[in-house]
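Worksheet: the structure to be examined is printed underneath.
None of the figures in this text is laboratory data; all of them are computed from the coordinates on show. On a predicted model such as this, the values are computed, not experimentally measured, just so you know.
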Amino acid sequence: MATRNENPAPFLAVHPGMMIKPELDERGISQKEFAKILGTQPSHLSEVLNGKRPLTTELAVKIENAIGLPAKILLSAQTQYELESTVEDNQHETVALTIPVRDRNLLQELVRKFGWACVF
């Protein structure tokens, strides 16, 4: 039985493009090449990866199919980013997330890459 942490550690939400970009770099895939794989315009993908455009559900699913980053995690990051962007005076909140066990290794890797404070 899993235990629930009543005091989760805070983290800053990042645009999902900041999660996708390093994956492409590590795999040696150019943005132009990736846009072709996804069937989208390179300029559109560039705007998503640079946080100038929100990640849509359709594109998140295509990314999951192409490189295995779970669409649920990418879309959750997009939602958290949008919520945090609307918080007055940039007040940061502690956010509790429930991550399926099968995605826990990916979450640990994202925590390491982005320096999030996280309690498992």
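Annotations for the structure displayed:
- Close amide H contacts of Asn50 (hydrogens built in the peptide plane, cut-off under 5 Å, sequence separation of 5 or more or a different chain): none are found.
- Straight Cα distances below 16 angstrom link Lys113 to the lysines Lys21, with same-chain residues fewer than 8 positions distant left out.
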